[in-house]
1. Can you go through A:ALA366, A:ALA357, A:ALA283 and tell me which one is touching a His at 6+ places or on another chain (Cβ under 7 Å) and modelled with pLDDT under 95?
2. Return yes when A:PRO159 is farther than 24 Å from A:ARG192 by Cα, open to solvent by less than 60 Å² (accessible area, probe 1.4 Å) and at pLDDT 95 or above and no when it is not.
3. Scan the range B:324-340 for residues that are open to solvent by less than 10 Å² (accessible area, probe 1.4 Å) and closer than 20 Å to B:VAL263 by Cα and jot them down.
4. Give me the residue from the range B:287-302 that is within 14 Å of another protein chain (Cβ to nearest Cβ) and open to solvent by less than 10 Å² (accessible area, probe 1.4 Å) and, out of that set, farthest from B:GLU364 (Cα to Cα).
5. Scanning the range A:205-235 for residues that are open to solvent by 10 Å² or more (accessible area, probe 1.4 Å) and either at positive phi or among the aromatic types (Phe, Trp, Tyr) (or both), which turns out nearest to the other protein chains (Cβ to nearest Cβ)?
6. Any residue in the range A:363-381 that is more than 21 Å from A:GLY308 (Cα to Cα) sitting within a Cβ distance under 9 Å of a residue that is of a type in the set (Asp, Glu)? List the pairs, counting only those 6 or more apart or interchain.
7. Looking for something acidic (Asp, Glu) and within 30 Å of A:LYS163 (Cα to Cα) - is there at least one such residue anywhere in the range A:24-31?
8. Are there any pairs with C-beta distances below 8 angstrom linking a residue in the range A:306-319 that is closer than 18 Å to A:LEU395 by Cα to a residue that is aromatic (Phe, Trp, Tyr) and surrounded by fewer than 21 Cβ atoms within 10 Å (Cβ to Cβ), with the two at least 6 apart or on different chains, and if so which?
Amino acid sequence: MSTKIRRIVAGVSGLAATAFLAGCAKDAPQDTWQPKGSNAKIIDDLQQPVFAIAGVIGVIVTCAVVYCIIKFRDRGQAMPEQTHGKPALEIGMTILPALILAGVGVFTFRTVFDLSKTSDTQMVVNVTGQQWWWEYDYPAQPELGITQPIITSGQRIIPVGTKVLLRETSRDVIHSYWIPALNGKRDAVPGRVHTLRLDADEPGIYAGQCTEFCGLSHANMRMETVALSKEDFAAWVANQLTNAKSPAEKTLAKEGEGVFLNQCVRCHQVNGLKKVDGTPAIAAPDENVWAGAAPNLTHLMSRNTFAGAAFDLLSKKCRADVWGASSETVGKKYLAGVGEECLNQTDLRRWLRNAPAMKPMYADPAKLTSTNGKYRGMPNLGLTEDDIDKLVAYLSTLK
Amino acid sequence: MFTPGSKLFLGLTGFVLAVSVIYVALVDNSIGGAVALLSVATGTALLAGLTLFNRDGEVAVGDVAAPAGAEPLTSSMWPLVATVGFVGVVAGLLTHPIVFFLGLIALLASGTEWLIQSWSEGASSDKTYNASIRGRMLHPLEFPVLALVGLGVIIVAFSRVMLAVSRDAGAIIFIVAGAAVLFVGSIFALKPSLKKTLVVGICVASAVGVAASGIAAASNGLRADLVEAKEEQHFSHKECGEEVSEHFDHLAEGTISLRSNAVATIELRDGKLTARELGVAKVTQTITFPRSNSATIIFRNKDEKEARLTAFLGTKAVQDGVVEEVLDCTQMIGKDHEQALTFKIAKSSRASDKPYTLTVPGLEGQSIEIMVP
């Protein structure tokens, strides 16, 4: 083997080894090869053998091509005899792949039909995509303790072992919802409702992100599904059905409530929040946000993330504690919410100081002529450090 | 050293780089636009490298290229079109965006044609060969675009005719035109020996005829009943009570492509209203409707009597101290008919003193509550 060929073989082997080893990541929450729900397992049962078949065929074809390239390379030899066609080989080479594809097709169709089954749904959640966050609303389902609709964002909570039907749509552009550990992806399209069924085998936090390019902060549009035991889920529901309580008078949090009423309630609803005159404070995101909605913050501190799940509300240590918890303890740790000792004040303050600097958004008031002055994302509100202190204190009470 | 093709792409690269600098300096210093322009520059630079590497593909250059200063081999209309396009762009900036865009299209098209023509004419001193390489470059673009424009003109012209003539005449014209196309097409297929000029002549005459009819029909205006319907707003159907509209789309239930966005189906049967939400098996008296997002409800009438579904969507202030109810409704529909009702509720149910509801006017004690989270 010449030195040149040896170098090429070494280079290709090195690249192949790098690619191979790259698949050995330890902390890979969006690994499609680790199904944690029945629908994800149905997909896995299909993709494992298909991947194996495709891999074997890929290796055979690659080896054949490499063999031909090396064996029949131009070494100045005479031109071999030219022939036209070899019917038996051509027909065989057509029929064989067709048979393989037909075989794969049968199992693929069966999988598609299995995945589209929704008749035994036990719970429904509406999932709405918007640049660049996900909103979840739970229709009233008294048998699950949900006596009034619940609304949240970023993290979707489901009871373990329950077949959940997602009804997906979008308020602006096409997004795509994908929690790899629980099921395949499904586009959320404006003007349409697409359904996706999933369930989780055991309690845990399952990560995902938008998989349809949806604009400036597509890469920052993340989401998580938190599967809780049925008892923990009931506790979560009970908490979500309550209204926010106003902080005690003469506290920093109470002052923060005032700042919230002045600045934030234009877009963000906090259920139970009252104006100074005692009437309910109703958010009007339809008047300020291009797509018409902004996250409901009533129970902000019951979630672990904010800003489209792009940033942690938990400090690094507390996050590691919750995400690394066993399936037996994750529910309790998650339900503890974000306490004062665990709050990631740094990121929350940075966000309040200048949100577009942390997550690219169309929120510059000078450039909103095409949307009639409405924002896509959260603008820089020009808050003072004093206001930010008060707001953080108030937001910390929204458990 | 540089081939004509590589000069073209190098020139484009330089131009785009200059535009990037101007854009960042004068228009917008955010990264988005600059990245887009630099991507274009990278693409054209790559093409410049490729054309330089392969010496413009099969185009003979160098020795057989036309000598410098040689007379152009063909005349070109593209400078004239480019001028018209430029004038259109400038005029469009002052008058209307459509003029601007038409000018821009003319400018880009003429620029492309002009560049490729000049490039091909420098390939050799053989006029036929030069024309063939020009065709190889531009025909894959020209033919689909011309076909698209031609089809568009015919479709628009034919639609104008159909909107101008009476309904009966429209049906007859449609049948006759369809039969004529089938007949002439069959003749062309069965008689391949027909003269090319005759075939082209028939096609051109037909297209011109359709376009002329369209212009005549458009200048004549819509037929009387369409004008009347527009003036009297026959299809805006604001009546949400028990009244029966004289004019409405009787076949609306035939267009339920809206099912793809239906969050619930409301059924009237035996004087009772029930709801079934998408994905939920059991019936209910309460539905959850998306917040601030258009969605559809399908109303199905299983009663003998005609009925419509009316949605109460809160109130709005029309002037100081005066509020009125926001209502939306379907048409009156008979037994076994369906209608879709699409609406949007911007605010949560908390914003309304009275719950949002779906009712059938004249049917007491039956309503479906709409909850908006």
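1. Values: A:ALA366 fails: touching a His at 6+ places or on another chain (Cβ under 7 Å); A:ALA357 fails: touching a His at 6+ places or on another chain (Cβ under 7 Å).
Answer to the selection: A:ALA283.
2. Working: farther than 24 Å from A:ARG192 by Cα: yes; open to solvent by less than 60 Å² (accessible area, probe 1.4 Å): yes; at pLDDT 95 or above: yes.
The answer is yes for A:PRO159.
3. Correct list: B:CYS329, B:THR330, B:GLN331.
4. Start the filter on the range B:287-302 by keeping residues that are within 14 Å of another protein chain (Cβ to nearest Cβ), which leaves B:287-298.
Of the ones still in play, those that are also open to solvent by less than 10 Å² (accessible area, probe 1.4 Å) are B:287-289, B:292, B:295-298.
Values: B:ILE287: 19, B:THR288: 22, B:PHE289: 23, B:SER292: 29, B:ALA295: 26, B:THR296: 24, B:ILE297: 21, B:ILE298: 21 Å.
Selected residue: B:SER292.
5. Looking at the filtered set, the residue picked out is A:GLY215.
6. Sorted first by the residue in the range A:363-381, then by its partner, the pairs are A:LYS367/B:ASP28.
7. Residues of the range A:24-31 acidic (Asp, Glu): A:27, A:31.
Restricting the remaining residues to those that are within 30 Å of A:LYS163 (Cα to Cα) gives A:27, A:31.
Yes - at least one qualifying residue is present in the range A:24-31.
8. Listed pairs, sorted by first residue: A:PHE306/A:TRP351; A:ALA307/A:TRP351; A:PHE311/A:TRP351.
The values are calculated or read from the model by the stated rules, or taken from the named source; none is laboratory data. Nothing here was measured: the structure is a model prediction, and the numbers come from that model. Reconstructed Cβ throughout: ideal geometry from the backbone, glycine too, with neighbour counts over all protein chains shown. Note: accessible area is taken over every heavy atom of the protein model, side chains too, but ligands, DNA and RNA are not part of it. Shrake-Rupley method; radii C 1.70, N 1.55, O 1.52, S 1.80 Å.
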